[in-house]
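The values are calculated or read from the model by the stated rules, or taken from the named source; none is laboratory data. Small disclaimer: the values here were computed from a predicted structure and weren't measured. Cβ placement follows ideal geometry from the backbone for every residue including glycine, while neighbour counts extend to all protein chains displayed. With ligands, DNA and RNA removed, areas are computed over all heavy atoms of the protein, side chains included. Shrake-Rupley method; radii C 1.70, N 1.55, O 1.52, S 1.80 Å.
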Amino acid sequence: MADGNECGETETGPQLLRKLDITLPDSSWAPMVQIDVHPHEPWVLCTRTGCSLLQVWNYEDGTQVASGEVQERVGEAKFLMQRDWFVVQDYSRRRFDIYEMKSSNWQHVTRVEQSPDSASVYGSMAVHESLPYILTSNGSAVILLHWRQNWEEIQLGHHCEGVTAVAFHPIESGIFASSGYDYTIKIWDVDSMSIIRTFYTERRSIVKSIKFCGRFSKRSLMIAAHCANSTTPGVARVFDFRRGVCLAELTGHSAGFTSAFLHPRLPYLFSASGDGEIRVWSELDYHLVASYICESTFLTGIALCKNSDLLIVGGLETFSVMEVKGGRKTWVSETRMEEREKEAAHAKLDLETKIRNVVVGMELKRQSEIIDDLRAQHKEEERTQAERVVKLELAVSGLKAAVQSLEAEGTSVKDERAALLEKLERSELELKTKIRGVVSKMKLKCRSEIIDDLRTQHQEEMRAQAERVLALELVVNGLKAVVQTLEAEGTRMKDERAALLGKLEMSKLQCEKVIEEFRANHQPNEKAQKERQQPQGLGTEADKSETGAEELKTVVEKKLEMTMLRVEQLECERAELLKGLDKSDKRIENLESKMELAVEKLERSVLRSENLECERAELLEKLEKSDKRIEKLAQRFAEELSLQEPLREYSLREVQGATNNFDPENKRGIGSREGSCLYRGKLCDGTLVLVKKSGTLSCMQEMHPAKFKTEVVDILLTLQHPHLLTLLGVCYEGGCLVFEHTPNGSVKEWIGNVENPRTGLLPSHVRFRIMVEVARAVHFLHSSRLANGGPIILRAIKPENIFVDGNFVAKIGDVDQALLVPEKRVTQKSTKGSEDEGSNSTFLFLQANAQYVAPELWQSRVFDEKTDVYALGVTILEMLTGKFGSAIGVIQGAMEEEEDAAAFETALDHSAGAWDVELAKEVAKLGLRCVSLDRRNRPNMMEEGVGILPVLEGVALKVVVAEAAEVNEKL
């Protein structure tokens, strides 16, 4: 009662006056009419469950707007945020279809459906009033469908059992509710992907519908209608989901509730039951104010018309339009309305801040993950290098220095990121530009070339390890051969020793035999004396025998002595051979242990290589997922920004005021068409812009504004890329386009404008980066498609049309000129007059840009991707040499003298500072391929290994690594 007392009024119940009744065509087997009200137009969509007929009626004058059948039987249908579109859920609840109203009939647009093998079906749906989202369920899961992005499905959470109802909040776009058969109502926050409140209902009390309050001051209120059953009557409960309390229970309907909602402008709650009764409840104390009985014996539901006090009531084969009269309609004062508008503005600002914080947080998290991955990767490289031989210790220290330089680079990136965040908070325009720049840099860092370099490095390591193992195997084989030789020699010596010992034994035996024979041949002394007593003749013979025996004994003793000496020598040689064998055995054992160590190292290297391959595959998969996630986030964020911030249309007076009536002093340069000029400007709010004015000969002056908007302005809005000039607005009256401001002018002003030189220099590493950024933008345009299916051919790639912002990020201009007359790529031949006019215009363009024109254009007049590649090649060579008009000849002459390195270095622009000559040669070779006279020899943009973009990105990455190493050395 507080609000009513403030205005000095007494509370009186409103009256429901029947304004219009419309009866639909007879359908006895499906008589119940389902209704949905358009969020902007005075239209009501009427369907019958199980029928394929849909009708749209004007509920203000009772006329039929459109009628027709769809492809399937309808289960549920609702209007979408787009004016003439609606979504249909089929009767089997297995698919959604979107239709567009065309000439009082329906045209199918798109579809998403469940797999035929899937056992689950979609549940009831809710459509967002301002965003392209459909909230529904799949079994017990609550899902969000983005119908503008190929029906991207986002699973938000689950109920323990199936879902019964879902609803979006009409004011807070990040809040929605769901109810389930587990007797719970859950309030969800999309930003945090979490549940912020859970309400528990009574057992066997199923929630049929959920509605949020559309009044800003009461935006925390929610009403849930429960079904009636045999033991529990129907009831509607009012909740404050912010405080987590149930404020009231509404009962009294004899039949179950069909719907209930809070009026967005009046302090009343409306409820309807299936028996045709509509009840009105006071919002102040929730008591019954009024009750009405409709003529229809059954109500399927009621809906409130937007921006009016009309109610649409659905029944059997009919629907009625009822007007809410009387009651406390002026209970909100003007002061209260102003406060609400302020609150709404604050809420919008909070939402934008929340979106920005979510995007920035995800980018910071992604950046931190990349840095952590790089650190872990280089730590693994350090461990691998530590296992190498002593010769590679210098290389290990170099890798450690590279890791430190990368950490220093990560710190500098964080500092730059902090500076960017400060700029992001200043204006929404800078916000969009910086986000695109960050996404582009993250993509550059995530390129597969880093992984390829790592794989090449480890392949080289494996090759070196294999060579070492092969060398060790050869040494071991040689040692084995030596050991075998020594063993053979030892065996031979043993055999010789055995033979000598045998000979010695035989000699001993012979000596003993000789001695025995000698003793046997001579008797003892007594016998000798007896013989001496014999006759003298016999004495002479005995003397001779004794003398021979003595001589034989002497000979035998000498041989025996020589044999013993030989035996001693053989014993010494045997001892020496045994020592040699011991040494050989020890050496063989050492070699075998070394070989085992080498084999173990080889096995560890192979295992490490396999682990690195697995880590590489995981990293590639992770990078691919991150790229997709970043692209989806950037695309979704850009789309939501485009929905919230429509393109601004400026008056001629505003544009003239911004450019000081197109003062020549504000002129920035001449576009690629005759009479087209760029002017610096400053809007009334202080925003710096570039205003492009087209002359009388421009096609913009010849086109109708509606056609110009469709074929040029709308396409420019879809071409969102960090390296294209962003379109901020248009002036149809003056034939002007308003672009973002680039404080550092064009590339030509930095490298070749002697009359008006820029302060400072454009270093070589910045030129390499600008080349990459321009190539990305050209590839993006070639990948985009016009209405006729062809790519966007820029035709005007030259330093004059490449602008640089405050951070020297490249921005290509003159894209609008490529869209104005796309049909002039080929000379017109419809009539003689049009042919002369098209040919003359093309000839003027070729003359104005002669040095950037591919040779075949002078005859064919056909512009395509290869002609853009030629112009890009000329621009690259001009950025290397700093010379315009002669860059091709200068580089060709320098490259022909391959042995003279100084000749090529002399050809480079010395105003850019020190050049990395090898990288410059790589870029120069690419530029010469681009300007080949034979168009078939010109490279493509994305051909693997040799394409323009892969080569330039590889060069830019090497420059970044070299700069980091140089900084680390200085530190």
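Determine, yes or no, whether GLN892 is out of contact with any strand residue (DSSP E or B) (no Cβ under 6 Å at 6 or more places or on another chain) and free of Cβ contacts under 8 Å to residues at least 12 places away in the same chain.
no
Can you pull out the residues in region 933-971 that are at pLDDT 90 or above and either open to solvent by 70 Å² or more (accessible area, probe 1.4 Å) or aromatic (Phe, Trp, Tyr) (or both)?
LEU933, ARG935, ARG936, ASN937, ASN940 - these are the residues of region 933-971 that are at pLDDT 90 or above and either open to solvent by 70 Å² or more (accessible area, probe 1.4 Å) or aromatic (Phe, Trp, Tyr) (or both).
Which of the residues spanning region 58-78 are open to solvent by 30 Å² or more (accessible area, probe 1.4 Å), assigned to a strand (DSSP E or B) and without any contact (Cβ under 8 Å) to a residue 40 or more places away in the chain?
Hits for region 58-78 are GLN64, VAL65, SER67, GLU69.
Select from region 221-232 the residues that are surrounded by 16 or more Cβ atoms within 10 Å (Cβ to Cβ) and not aliphatic (A, V, I, L, M) and write down the one among them that is modelled with the highest pLDDT.
Result: HIS226.
Take region 187-208 and flag every residue that is assigned to a strand (DSSP E or B) and either touching a residue at least 60 places away in the same chain (Cβ under 8 Å) or open to solvent by 30 Å² or more (accessible area, probe 1.4 Å) (or both).
Correct list: SER194, ILE195, ILE196, ARG197, THR198, TYR200, LYS208.
Under 6 Å between Cβ atoms, at least 6 apart or on separate chains: pull out the pairs that start in region 682-705 with a residue that is within 23 Å of ASP805 (Cα to Cα) and end on any residue that is charged (D, E, K, R) and at pLDDT 90 or above.
From region 682-705, the pairs are LEU688/LYS682.
Go through region 79-109 residue by residue and tally those that are open to solvent by less than 40 Å² (accessible area, probe 1.4 Å) and more than 14 Å from SER67 (Cα to Cα).
Summing the residues that are open to solvent by less than 40 Å² (accessible area, probe 1.4 Å) and more than 14 Å from SER67 (Cα to Cα) in region 79-109 gives 10.
Name the strands (runs of 3 or more DSSP E) wholly inside region 242-298 in which the number of residues that are closer than 24 Å to ILE185 by Cβ and in the same structural domain as LEU311 (by the TED database) is 2 or more.
Where strands (runs of 3 or more DSSP E) fall fully within region 242-298 and carry at least 2 residues being closer than 24 Å to ILE185 by Cβ and in the same structural domain as LEU311 (by the TED database), they are 245-250, 257-262, 268-273, 277-282.
Kindly provide the set of residues from region 863-909 that are under 35 Å from the mean Cα position of the chain (by Cα) and either charged (D, E, K, R) or open to solvent by 50 Å² or more (accessible area, probe 1.4 Å) (or both), ordered by number.
Answer for region 863-909, where residues must be under 35 Å from the mean Cα position of the chain (by Cα) and either charged (D, E, K, R) or open to solvent by 50 Å² or more (accessible area, probe 1.4 Å) (or both): ASP864, GLU865, LYS866, ASP868, GLU878.
Among ILE797, ILE812, ILE792, which is within 26 Å of GLY735 (Cβ to Cβ), over 26 Å from the mean Cα position of the chain (by Cα), open to solvent by less than 10 Å² (accessible area, probe 1.4 Å) and at pLDDT 90 or above?
Going through ILE797, ILE812, ILE792 in turn, the sole match is ILE797.
Provide a single number: the residues in region 765-787 that are open to solvent by 10 Å² or more (accessible area, probe 1.4 Å) and either free of Cβ contacts under 8 Å to residues at least 24 places away in the same chain or part of a helix (DSSP H, G or I) (or both).
10
If you scan region 137-171, which residues turn out to be modelled with pLDDT under 85 and among the aliphatic types (A, V, I, L, M)?
ILE154, LEU156, ILE171
Give all pairs with beta carbons closer than 6 Å in which a residue from region 110-132 that is within 15 Å of VAL163 (Cα to Cα) meets a residue that is assigned to a loop (DSSP other than H, G, I, E, B); count only pairs at least 6 apart in sequence or on separate chains.
Final answer for the pair search is SER120/GLY139; VAL121/ARG93; VAL121/ARG94; TYR122/ARG93.
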